[in-house]
1. Given a Förster radius of 45 Å and the C-beta distance between Thr27 and Ala254 as r, what FRET efficiency does 1/(1 + (r/R0)^6) yield to the nearest 0.05?
2. In nanometres, what is the gap between the two model label sites at Glu230 and Asn299, each 7 Å from Cα along Cα-to-Cβ?
3. Setting aside same-chain residues fewer than 8 positions from Lys320, which lysines have a Cα under 23 Å from its Cα?
4. Within 10 Å, count the other beta carbons around each residue, average over each peptide in 96-109, 261-274, and list them highest first.
5. Residue separation times 0.36 nm, minus the C-alpha to C-alpha distance between Arg94 and Ser34: what's the value?
6. Around Ile187, with a cut-off of 14 angstrom between Cβ atoms, what is the net charge of the other residues, counting Lys and Arg +1 and Asp and Glu -1?
7. If r is the Cβ-Cβ distance from Lys17 to Lys138 and R0 is 56 Å, what FRET efficiency results, to the nearest 0.05?
8. So which lysines can Lys17 reach, going by Cα to Cα under 22 Å and dropping same-chain residues fewer than 8 places off?
Amino acid sequence: LGPSPRVRQAIQDGFHKVVNYPDPNCTELRLALSRKFDLDVEQIVIGNGAVELIYLLMNLLTPRKVLIPAPTFGEYEIGVVCAHGQVVDLTLDRNKQFSLCTERVISQLSQVDMVIICNPNNPTGKLVAKEDLETIIKEAGETGAFVMVDEAFMDFVEQPEKYSAMDLVHKYPNLLVLYSMTKFYGIPGLRLGAGFSNPRIIKGLTAIKDPWNVNCFAQLAGVVSLEDEEYRLKTRSMVQGAKRKLYRELQNIAGLKVYEPSVNYIFIDVSGTGLTSTRIKGLMASQGILIRDCSSYKNLGSDFIRVAVKDHDSNQRLVKVLSDVLDKNTSI
Ligand SMILES: Cc1ncc(COP(=O)(O)O)c(C=O)c1O
């Protein structure tokens, strides 16, 4: 759907703001998010995209060892290494569809001072139930480990209340929930993310960030996007419908093992085609379609791709081109 139409209007109407520095405290946006998630403004920091906050958190806490499931979003590892920390891999089991095993996380807690959980996970779309997250956060509190839960894609999830750790922020001081507004609200070029944690961590992050890290248009876009309930509902229902349809259609293509999607992307095991993910990406690119070759993710090798759920016509085109490309280049 692109961004909410209110974003364009707000940026046009607010163009005069460009001559001033942006509000370093993102006051209005923090208020809007505090209402949405029922948190205090002192529990919220805004970032120039969620990624900025990953780096800031690592610089603030300088963890020596960080437990990171693999595969997952690559920026966590870069953030840890940049802050001179070391990553402890938690290799997710392909035979268990890369689900996160709570007991395995807990058994490693005493060895690390931070754990990162991407929920839903990028690129698999796998979700961790809120009760399991709470068990991990509670146990981590006892061993002195901090937990970052990345909910960048949670807005797309059906029944987010079963999975989101947002309200646990009130209960556990060793938790930061990361949130992104670039995906669901369609503004990756503007950059906008948020972190939710206890006021002491938020104060620390605020103290080390660039004071004017979030530009005036991103702040405006964030406020008006959150007000646009109609757009939110439309996006959710459109993505949920399109996702189910695309999932069914991809399952009909021989050689593909399609993971059940939870969000606006679909994770696919292509090992049954006899082609590598890199080869499929190249073949699709020559037809003008860019898919994600997942071989750069840790623990995935060359067997996986990820595709985006888009509008109806684009999804149809994806299915047709992928099916043709595999037909022509495999012996299945
Ligand atoms: C899991 C995850 N978290 C965070 C981000 C970064 O989001 P932002 O655009 O808000 O920096 C991404 C971007 O792809 C992501 O996949």
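1. Numbers: r = 55 Å, r/R0 = 1.23.
Efficiency, rounded to the nearest 0.05: 0.25.
2. Result: 4.4 nm between the two label points.
3. Those lysines meeting the cut-off are Lys243, Lys245, Lys257, Lys281, Lys310, Lys328.
4. Put in order of decreasing packing, that is 261-274, 96-109.
5. Numbers: separation 60, 0.36 × 60 = 21.60 nm, distance 3.83 nm.
So the chain would gain 17.8 nm between Arg94 and Ser34.
6. On the way: positive: Arg6, Arg8, Lys183, Arg191, Arg232; negative: Asp155, Asp228.
Here the count lands on +3.
7. 0.80
8. Lys209
Quick note: the coordinates plus some simple rules give every number you see, no bench work behind them. What you are looking at is a predicted structure, and each value in this text was computed from that prediction instead of being measured. Backbone-built Cβ (ideal geometry, glycine too); neighbour counts: all protein chains shown.
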